[in-house]
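None of the figures in this text is laboratory data; all of them are computed from the coordinates on show. This is a predicted model, so every value here is computed, not measured. No Cβ is skipped: glycine too gets one built from the backbone with ideal geometry, and neighbour counts run over all protein chains shown.
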Ligand code: MSP
């Protein structure tokens with residue numbers, strides 16, 4: 001819902017209400033709206049970029065399965081000096097360069113089965129026009145003024161820094177020399193929003209997550225906010241400032257608005273009201289200030305609602321430092337996909353480490369976890385269960401004849417896994433969510449070891465008991481196929497195909513988990529191994 005700004009007093013009241021979270025979350029808002037950062041097209045993706053997007057996709061799929069209407073946005077950030085430089089180095093125009101690079105990002109997302117609902121490019125008219133309109137409005141209302149900027153700028157970050165943040169002439173993040181610029185720029189009165197930002201962090205602590213990031217942002221703002229330079233004149237690859245086109249917009253002012261332009265800012269009010277505010281902006285910790293300081297201040301100035309939460313995750317590291325192309329440590333997702341497949345890839349980056357903290361990447365630990373959890377625990381469970389169903393019941397899932405203690409215990413583990421998974425996903429902890437699911441996988445393996453169906457099969461008097469055991473195992477696998485779906489959609493589909501359950505029958509989690517006898521009479525088909533083992537040598 002947009003806030004009507006007719007006078008300054010109204011504007012102040014509207015901002016206060018937005019900070020308190022009291023602005024009606026548009027009466028028509030009906031969509032869980034989740035975003036990734038939009039990626040710079042100066043280069044191709046590495047696994048650090050894909051980390052944000054894989055996690056975002058997990059959340060998007062989970063919310064869809066929980067029966068919610070979801071809008072999941074990603075895209076590419078195509079303006080700015082960094083892209084202009086990349087284009088120049090390759091002897092093409094910036095737009096030619098962006099056109100050449102962006103399909104490579106989509107290709108990685110396709111291979112990773114990223115289920116985005118929209119992909120925005122910031123060079124599209126649907127983005128640039130509303131961006132210009134909004135900035136013009138801020139200028140007209142006195143939030144933007146002309147002055148001279150003098151100070152350091154890191155092109156790799158596309159960020160202005162305080163001189164005190166520069167270490168030996170190097171950018172604190174990229175450790176590369178910064179540029180010192182002195183230009184006449186337009187400035188946004190960011191400093192005027194400092195008190196309101198602090199009030200925002202205090203009254204809505206969930207706005208910046210995890211807590212460590214909220215504290216960081218809070219002390220940054222309390223340390224004093226400078227007004228922000230929002231235009232550049234020394235290069236031309238950007239959205240022109242509408243009232244003074246020799247200036248182009250600072251790339252972040254244009255980029256942040258992708259979150260609102262993609263859902264109809266200035267074009268489709270009805271759609272905008274159904275979708276905005278974003279429920280979750282997922283970002284890496286290096287772009288926290290832009291999202292937790294500049295973005296809410298801009299939205300306050302524009303009279304738009306604030307996002308509900310910004311969650312900043314940590315870095316994938318190599319040798320203790322952020323993996324990056326700049327430091328030549330970026331690993332292509334394709335390399336890992338070739339060995340581990342989309343599901344193995346996704347599982348690793350969801351399960352390993354704690355979302356929010358830095359974590360090292362290593363082939364060895366990826367291989368070890370893949371083999372232990374996916375090839376052994378889950379893959380073997382499926383193949384041996386379907387083999388037993390095939391051998392003992394001609395591949396037709398039999399009718400159970402009554403549950404004993406072991407079955408009741410297993411049902412309880414399943415129920416708990418579903419419940420706990422939801423708790424952890426809503427707390428933005430994919431690793432803990434998957435740990436619960438794999439507790440259940442291991443419990444099914446134990447159930448098989450305890451019930452010894454291979455022994456039961458030798459005794460005709462135990463035929464009914466065997467039927468119960470095989471049915472219980474197949475039913476557990478069906479439930480697992482549902483629980484793993486947000487993390488490993490392809491494996492979920494393949495397991496369901498092998499079980500003889502139509503993939504499209506996947507219902508919301510809450511309806512799908514309860515025990516049912518829907519599987520009785522279903523014909524299973526033992527297919528190729530879902531998670532073939534990866535030999536350590538192969539990854540060397
Ligand atoms: N274009 C800006 C974002 C604009 S959003 C309005 C940008 N792009 S980026 O391509 O440089 O980075 C995109 C995301 O990738 C950031 O969230 C960043 O944190 C993430 N990662 C890049 N390297 C990373 C790691 N090594 N580890 C984890 N994530 C990292 O910034």
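Taking only the Cα atoms of the chain, the radius of gyration and Dmax are 26.3, 91 Å. Legend: calculated FRET efficiency, residue 376 to residue 405, from the Cβ-Cβ distance at R0 = 30 Å, rounded to 0.05, equals 0.65.
From the Cα gyration tensor of region 174-291, with a ≥ b ≥ c the square roots of its eigenvalues, which class applies: rounded if a/c is under 1.5, or else prolate if a/b is larger than b/c, or else oblate? Oblate shape, in that a/c is at least 1.5 and b/c is the bigger or equal ratio. When a/c reaches 1.5 or more, the comparison of a/b and b/c decides; with that in mind, is region 364-407 rounded, prolate or oblate per its Cα gyration tensor? It is oblate, given that a/c is not under 1.5 and a/b is not larger than b/c. Only helices enter this figure: runs of n ≥ 4 DSSP H residues, each worth -39500 (n - 2.57), summed and divided by the residues of the chain, yield -14500 deg cm²/dmol at 222 nm to the nearest 500. From most to least packed by mean Cβ count within 10 Å, the peptides 152-163, 297-308 give 297-308, 152-163.
Please state, as a whole number in µm²/s, the translational diffusion coefficient that the Stokes-Einstein equation yields for region 415-536 at 20 °C and 1.002 mPa s, with Rh defined as the Kirkwood radius across alpha carbon pairs. The diffusion coefficient I find is 137 µm²/s. Of the peptides 316-329, 448-461, 385-398, the order by per-residue mean of other Cβ atoms within 10 Å, starting with the highest, comes out as 385-398, 316-329, 448-461.
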